[in-house]
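First up is the structure itself, then whatever we jot down about it.
The values are calculated or read from the model by the stated rules, or taken from the named source; none is laboratory data. The structure presented is a predicted model; accordingly, all values stated were derived computationally and were not measured. When we count neighbours, we look across all protein chains shown, and the Cβ atoms used for this are built from the backbone with ideal geometry, even at glycine.
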Amino acid sequence: MDTDLELLSRLRDGDEEAFVMLVARYQQPMLRLARAYVPSRAVAEEAVQDTWMGVVKGIERFEGRAAFKTWLFRILINRARSAGVRERRHATVEPHHAVDPIRFDTNGQWAEPVEPWTGDSEDRLEASTWGPALQSGLEDLPPRQRRVLVLRDVEGLSCDEVCELLDISPGNQRILLHRGRTRLREILETQIAKA
Amino acid sequence: MLSLRRRDIVCQQAVEMVTDYLEGSLPRRSRRRFEAHLRACPNCAAYIEQIKLTIELTGTIEPEDLTPEAKADLTELYRRWRSE
Ligand SMILES: [Zn+2]
């Protein structure tokens, strides 16, 4: 598979096929991220399209200091932010529990044993089985959690990269990550119990 | 029944420390207490495994394939941007 940098250097020479390959690689990840900023799919698509235009016209400005993906996401976030609804900078923080308090006894210990997800039936955790539940769980997360989860756990960016892209502190990033991950675990637990 | 020392953490606290632990951002003393709790508590050990599996599965969410229409639209746009 061609690396991003190879495709970019072909794109600089006006290679249409390289553009199509980059689009195939990043269109869906970008849409997923954009949806964490804007209310509708149509607006998200516009922001993504706008980003591609920025890439094609601004390709000379890419210096290769950051990964292409990070550069791409930065342009997208800027465009999606200006298209998105205005948010209060300090949204009120709702109380949060990693696990429903009802699951603990009065000493704060698990009231019922926690079932391991692996064991004799290894295939219970097939990605293809639980992908759709995770996908919709991700879409239902509050936007700030969703952005962090998409960038960290779906796209695999580092904590530093995410803090820089989203302009948040590491502590804040961890809180959002904690809430998002514990919520997705809860969703999986429910699904697995039903299966 | 676990016998609790004063400085021990309980399960309900442990589950709130999982992300900080995995991010490597727990202060040393908290980390030691957390690890001691995990060794003594199969439930929290199972819980952290579930979180790790959740992270792993989230990382395998596949992007859907781009529709031929979307690809054609963008190619069309590309030609226009290039000629502008
Ligand atoms: Zn425990």
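Could you tell me whether any residue of the range A:154-176 is β-branched (Val, Ile, Thr) and either more than 23 Å from residue A:72 (Cβ to Cβ) or not in a helix (DSSP H, G or I) (or both)?
Looking through the range A:154-176, at least one residue is β-branched (Val, Ile, Thr) and either more than 23 Å from residue A:72 (Cβ to Cβ) or not in a helix (DSSP H, G or I) (or both).
Quick one: how many residues across the range A:100-132 are in a helix (DSSP H, G or I) and modelled with pLDDT of 90 or more?
3
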**Study point:** residue B:31 more than 9 Å from chain A (Cβ to nearest Cβ), among the charged types (D, E, K, R) and more than 15 Å from the ligand (Cβ to nearest atom)
**Key:** yes
Point to revise | Qualifying residue in the range B:12-23 (condition: more than 15 Å from the ligand (Cβ to nearest atom), more than 7 Å from chain A (Cβ to nearest Cβ) and of a type outside the set (Gly, Ala, Ser)) | key: yes
Review point. Just for the range B:6-37: of the residues that are of a type in the set (Val, Ile, Thr) and in contact with a His (Cβ under 6 Å, 6 or more places away or on another chain), which one is nearest to residue A:182 (Cα to Cα)?
Key: B:19
Exercise for review: Tell me which residues, restricted to the range A:39-81, are among the aromatic types (Phe, Trp, Tyr) and either surrounded by fewer than 17 Cβ atoms within 10 Å (Cβ to Cβ) or free of Cβ contacts under 8 Å to residues at least 60 places away in the same chain (or both).
Suggested key: A:52, A:62, A:71
